[in-house]
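Scroll down for the structure; my scribbles are underneath it.
The values are calculated or read from the model by the stated rules, or taken from the named source; none is laboratory data. Everything numeric here is computed off the predicted structure, so don't read it as measured data. We place every Cβ from the backbone using ideal geometry, glycine too, and count neighbours over all the protein chains shown. Just the protein is used for accessible areas: all its heavy atoms, side chains included, with ligands, DNA and RNA removed. Shrake-Rupley method; radii C 1.70, N 1.55, O 1.52, S 1.80 Å.
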Amino acid sequence: MSLVSIQGFLEQMIRGGASDLHLSPGGVPMIRLHGDLARINHPPLKADYLRQLILSMAPQNVRDVILQGKTTCFAFQSTTPTGTIARFRVTVYPTRHGLSCAIRHIRSIPPTIEELGIPPIVPTYTSGYNGLIIVAGATGSGKSSTLAACIRKLSEKPLHIITIEDPIEFLFESDTALIHQREIGSHVTSYEEAITEALRQDPDVIVIGEVRTAEEIRRALHAAETGHLVFTTVHASSAEKAIARLVSVFPADEHGIVRTILAEQLRCIVCQKLIRRRDKKGRVAAVELMVNTPAVASLIRDGKTHQLYGIMQASRGGGMQTMNDALAQLIKEGEVDHDDAMAQSNDPSELERMLRSVARF
């Protein structure tokens, strides 16, 4: 078969407007286009050849990890035929047939909040000078893009912004703001260490790619408590589940103090899902927004997260919106199909009632 270099696959991916490229041993290369997988016209990849492709992308300090058969993630840059630099996030993982990889294309210019379709009220709550901002959603829901859009907005101010990422995705240059980007594994050994060090580096804003462990969450909360604006992401399908997830990571005897700190430091939670557009030309974000009002803080402090949804429903006029509010609006505007929105709803029956209510007027 005619072998294609990794640049060849990446160029096909970019030309097609795909977000992701999947390479698997014994399988045909596939791209994710507007949310759906599609095959590239190429013979199945042999395991040895794919292994060579993966190692050709990997930086020297990552190759040993790959050869040990461990899952790893790194950033990769390639020059396109037009001479521009394209950037990608590569995740390599072993399977029963050999090494596989998922490659995500990262835009050369960070997106704006307006481009992503984030509600215009969101910058009001994400541009303060202290507190905790959480961006929640599933893998592939655009959390990194939303974080990048927030950084781009904040970069218009004379602030010191430190990002802690694994790996670094969108690239930022200092101008009005001073921006330092640090990568786990390359510049610092762990999120915990990076957050602690960041507090000694005179930051105004700390952006943490993701928090998973109790210690990472503890240090992120401490950074917010000490007067910094902290952004991070959580894997959760709703605002209330994001709170529950953060608390559940800790031992039961610490839940009370964690809820108290969250109630005091949280500014807002932006939870998002990407829905295929009705015209099939890309995807659009459906965004849930929960703002930490006194009523919300009280429920978090008392451990009554199951009541947060009701507060959000009752506070639509104050800027909050549920995921179903966002989905109903997208259907009403003709942006997405009814069935696609229903498939993404956490409560399809409520969404159906909302749509019937709108139709009567």
Tally up the residues in the stretch 17-47 that are touching a strand residue (DSSP E or B) at 6+ places or on another chain (Cβ under 8 Å), on the phi < 0 side of the Ramachandran plot and loosely packed, with under 14 Cβ neighbours inside 10 Å, please.
4
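Residue by residue, here is whether (1) over 23 Å from Leu266 (Cα atoms); (2) in a helix (DSSP H, G or I) holds:
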residue	(1), (2)
Gln181	yes, no
Thr196	no, yes
Pro203	no, no
Arg218	no, yes
Leu221	no, yes
For Arg267, work out the one condition from (1) closer than 30 Å to Gly17 by Cβ; (2) out of contact with any Lys or Arg (no Cβ under 9 Å at 6 or more places or on another chain); (3) not β-branched (Val, Ile, Thr) it doesn't fulfil.
(1)
Looking at the structure I just gave you, is Val135 assigned to a helix (DSSP H, G or I), over 25 Å from Ile14 (Cα atoms) and of a type in the set (A, V, I, L, M, F, W, C)?
no
Does Leu330 satisfy being closer than 16 Å to Ala239 by Cβ, touching a helix residue (DSSP H, G or I) at 6+ places or on another chain (Cβ under 7 Å), of a type in the set (A, V, I, L, M, F, W, C) and without any contact (Cβ under 8 Å) to a residue 60 or more places away in the chain?
no
Checking the conditions here, which among Ala214, Ala194 is of a type in the set (Gly, Ala, Ser), on the phi < 0 side of the Ramachandran plot, open to solvent by less than 10 Å² (accessible area, probe 1.4 Å) and modelled with pLDDT of 95 or more?
Ala194
Go through (1) in a loop (DSSP other than H, G, I, E, B); (2) in contact (Cβ under 8 Å) with a residue 24 or more places away in the chain; (3) farther than 20 Å from Pro167 by Cα for Ile14 and report which single condition fails.
(1)
How many residues are under 22 Å from Ser186 (Cα atoms) and either assigned to a helix (DSSP H, G or I) or out of contact with any helix residue (DSSP H, G or I) (no Cβ under 7 Å at 6 or more places or on another chain) (or both) when one looks only at the stretch 146-162?
4
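Here is a yes/no grid of residues against (1) over 28 Å from the mean Cα position of the chain (by Cα); (2) hydroxyl-bearing (Ser, Thr, Tyr); (3) farther than 19 Å from Gly8 by Cβ:
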{"site": "Pro43", "(1), (2), (3)": "yes, no, no"}
{"site": "Lys46", "(1), (2), (3)": "yes, no, no"}
{"site": "Ser56", "(1), (2), (3)": "no, yes, no"}
{"site": "Pro59", "(1), (2), (3)": "no, no, yes"}
{"site": "Ile66", "(1), (2), (3)": "no, no, yes"}
{"site": "Thr71", "(1), (2), (3)": "no, yes, yes"}
{"site": "Ser78", "(1), (2), (3)": "no, yes, no"}
{"site": "Ala86", "(1), (2), (3)": "no, no, no"}
{"site": "Val90", "(1), (2), (3)": "no, no, no"}
Anything in the stretch 95-130 that is buried (at least 16 other Cβ atoms within 10 Å of the Cβ), more than 18 Å from the chain's Cα centre (by Cα) and assigned to a strand (DSSP E or B)? List them, or say none.
Gly98, Leu99, Ser100, Cys101
Can you find even one residue in the stretch 77-89 that is farther than 28 Å from Ile275 by Cβ and at pLDDT 95 or above?
no
Scan the stretch 228-242 and report the pairs whose first residue is farther than 19 Å from Val296 by Cα and whose second residue is surrounded by fewer than 24 Cβ atoms within 10 Å (Cβ to Cβ) and acidic (Asp, Glu), with Cβ atoms within less than 6 Å and a gap of 6+ or a chain change.
Thr233/Glu210
Identify all residues within the stretch 129-182 that are at pLDDT 95 or above and at positive phi; write none if there are none.
Gly131, Gly137
